[in-house]
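First comes the structure, then the notes that go with it.
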Amino acid sequence: MKAETKKATTIGIVCIATYLANYYLRNILSVLTPQLLETGKFTVEHIGVLSSTYMIFYAAGQLINGFLGDFFSPKRMAVMGIWIAGLSFILFPFIDSGVIQILTFAVFGFGLSMVRGPLMKIISENSSPYHARNICVFFSFASFAGPLVATLFAMKGNWRFVFIAASVVAMIFALVAYIVLSVLEKKKEISYQTSKSQGISAIFSVFKIEKFGFYMVVACLVEISVASISFWIPTFLIENLYFSKNFANIIFTVISLVRSLMPFVALAIFRAINKRDIAMMRVTFSVAAVMFAGLLMVSNRWFSLILLILALMAMSCCSALLWSIYIPGLGKTGKVSSVNGVLDCTGYIAAAFTNMLFATVMSSIGWSAVFVLWSLIGVIGVIATLFVKETKEEAV
């Protein structure tokens, strides 16, 4: 048990650090949006296109790289993905062409799509379900801590410097992970299952996994929350709640910190209610819908901020149930990377389109219409839970 725990801890540390680098990189554009708008070189619409381009290519890449991660070395794929994304961000500050900037974000998105599935495969296939879920709770923590780290980078200087510095640090994290995982492979402490399914059959085989269809819907909803809604929070704090840029950064940091704790809360509640994931999602989606709708009726900016935080906390619990509990329990299928790829792909396609929708609605109608759309996310989640049965899970 001590050896197993030690191995799981080592795997967890390097995978979490690598995923943290992945996640703070994808939040750099979001936290720098107010600064980029001030330069006069970027518009809300152009930034929305950059963000959506990243999401679309991330989604497409997840589908491709998710399946490749079950055939090829997940270690090499994850590290290569960070380096591709990092190099594209290092080049971005030196590009003046809007078209080339968009292409750079396409490469950036595809690079990051090579990271999550392979890392999940490393964790799930080389740890017990108990250890895998504990690691993946910290994995989810890293995803919510990503905006916090991105904010810290954004406070350090000019936007060009932030893009470069954040990328270099991420690439160093990935290099260290490669070395550590290579040592574990050499000691034969970790290995990977190769998917037996071939070609198109590998894609369709994941749909036979229990609750997969339901969790595809959940993936769409939580990624809209994590990617699309979170992207516009700094802008919302400044343009709608009228906080100063510096204070908005502090608030965004606090929000990120609170959300980063929710995977631990979600796992504790999940175990306390006898692993009733569907019932838990029904409640949390309901809370999110009500809190987002409350933004329409509250004029005080502090009350609005409280409602926003509560809604995001609820959505973060739903996200944790998907990424930290459902997927890590699929290690025996040998398709963890494929499952992760399909779910992340569908989620980011949904996030990409809603991100453009939010930008359009924000510019043409206003924030009230955006709040309605945010509330509908929770409503759809509640409806989805009514069409899936609760199943008793084995104790892990």
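Out of curiosity, is Arg271 in contact (Cβ under 8 Å) with a residue 60 or more places away in the chain, open to solvent by 50 Å² or more (accessible area, probe 1.4 Å) and out of contact with any His (no Cβ under 8 Å at 6 or more places or on another chain)?
No; evaluated as a whole, the condition is false for this residue.
Please specify each residue of region 99-119 satisfying the condition of being modelled with pLDDT under 90 and among the small types (Gly, Ala, Ser).
Hits for region 99-119 are Ser113, Gly117.
Might you let me know whether region 225-233 holds any residue that is modelled with pLDDT of 85 or more and open to solvent by 60 Å² or more (accessible area, probe 1.4 Å)?
no
Considering only region 234-263, state which residues are open to solvent by 70 Å² or more (accessible area, probe 1.4 Å) and closer than 19 Å to Leu322 by Cβ.
Once the filter is applied, which keeps residues that are open to solvent by 70 Å² or more (accessible area, probe 1.4 Å) and closer than 19 Å to Leu322 by Cβ, region 234-263 yields only Leu261.
Criterion first (open to solvent by 20 Å² or more (accessible area, probe 1.4 Å) and touching a residue at least 24 places away in the same chain (Cβ under 8 Å)) does Arg276 satisfy it?
yes
Looking at region 37-50, which of its residues are touching a Leu at 6+ places or on another chain (Cβ under 8 Å), under 23 Å from Phe110 (Cβ atoms) and either in a helix (DSSP H, G or I) or modelled with pLDDT of 90 or more (or both)?
Ile47, Leu50
Go through region 89-121 and give me each residue that's surrounded by 24 or more Cβ atoms within 10 Å (Cβ to Cβ) and among the hydroxyl-bearing types (Ser, Thr, Tyr).
Passing the criteria: only Ser113.
A quick yes/no check of all residues on (1) surrounded by fewer than 24 Cβ atoms within 10 Å (Cβ to Cβ); (2) free of Cβ contacts under 8 Å to residues at least 24 places away in the same chain; (3) over 21 Å from His131 (Cα atoms):
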{"site": "Ala3", "(1), (2), (3)": "yes, yes, no"}
{"site": "Ala17", "(1), (2), (3)": "yes, no, no"}
{"site": "Val31", "(1), (2), (3)": "no, no, yes"}
{"site": "Ile56", "(1), (2), (3)": "yes, no, yes"}
{"site": "Ile64", "(1), (2), (3)": "yes, no, yes"}
{"site": "Phe72", "(1), (2), (3)": "yes, yes, yes"}
{"site": "Ile84", "(1), (2), (3)": "yes, no, yes"}
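The values are calculated or read from the model by the stated rules, or taken from the named source; none is laboratory data. Not measured: the values here are computed from a predicted model. For neighbour counting, all protein chains shown are included, and Cβ atoms are generated from backbone atoms with ideal geometry for every residue, glycine included. When the accessible area is computed, the model is the full protein with side chains, heavy atoms only, and any ligands, DNA or RNA have been set aside. Shrake-Rupley method; radii C 1.70, N 1.55, O 1.52, S 1.80 Å.
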